[in-house]
Amino acid sequence: MNSIFGQIFLGSMVIPITILVQIWFIKIAIKRLKVISTKKSASASSDGTLPVVFVLSLATLWLLAALSIAIWIWAGFFQLLGCFENLEESLYFSMVSFTTLGFGDLTLPQEWRILSGMIAANGLVLFGLNTAFLIEVLHRSLVKEHS
């Protein structure tokens, strides 16, 4: 099943899984941020910047954890396909491809190379989703602080 259409089909099965993981993490973050926003922080500075920085830092780290899971999912997928000799190579390739860094020192076998573009597109989509969420968190935090 490593024809062009087979690769597109398989990649199209992995991408929604990573998106669902990311959305699940965002859903949990939203619930936790609602709880945090209703509580007054005793350690907040007088200008209110500490809570905003703290909340944004926590949200960023949480989303990075979700991105790490997506990279692991792709690495596991590449291991299942037998694309690399070991897990370290699969993780390395997944990370540099997902982040679109693409060093090129390690590449997929020719019969699976279409998946390189799919993992890069997946990374772009998830980074965009995370960016939108973090901007919304920052916006809501700043609006709440100034109201």
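Brief remarks follow.
- With 0.36 nm allotted per residue and the present C-alpha distance subtracted, the Ile69-Val35 stretch has 9.7 nm of extension available.
- Accessible area per residue in Å² at 1.4 Å probe, computed on the chain: 61
- Computed with a 1.4 Å probe over protein heavy atoms only, the accessible area of Lys27 comes to about 110 Å².
- Helical segments meeting 18 Å axial Cα length and Kyte-Doolittle -0.5 threshold in the chain (DSSP H): 4-38, 49-81, 114-145
- Ligands, DNA and RNA left out, the accessible area of the stretch 60-125 computed with a 1.4 Å probe is 65% carbon and sulfur.
- Per-pair calculated FRET efficiency, R0 = 30 Å: Ile28 and Glu88 via Cβ, rounded to 0.05: 0.50
- Each Lys or Arg adds one and each Asp or Glu subtracts one; over the other residues with Cβ under 14 Å from the Cβ of Ala29, this totals +4.
- Accessible surface, 1.4 Å probe, highest first, among residues Phe25, Phe9: Phe9, Phe25
- Using every pair of separate Cα atoms, the Kirkwood estimate puts the hydrodynamic radius of the chain at 16.9 angstrom.
- Rh by Kirkwood over Cα pairs, then Stokes-Einstein D for the stretch 73-141 at 1.002 mPa s and 20 °C, µm²/s: 166
- log₁₀ of I(q)/I(0) at q = 0.22, 0.26, 0.32 Å⁻¹ - the stretch 101-147, Debye sum with one point per alpha carbon: -0.79, -0.92, -1.07
- Relative contact order for the chain, counting Cα pairs under 8 Å that sit 6 or more residues apart, in percent: 30
The values are calculated or read from the model by the stated rules, or taken from the named source; none is laboratory data. Bear in mind the structure is a predicted one, so any value in this text is a computation, not a measurement. Positions of Cβ are generated from backbone atoms using ideal geometry, with glycine treated the same way; all protein chains shown enter the neighbour counts. Just so you know, the surface numbers come from the protein's heavy atoms only, side chains and all, with ligands and any DNA or RNA stripped out. Shrake-Rupley method; radii C 1.70, N 1.55, O 1.52, S 1.80 Å.
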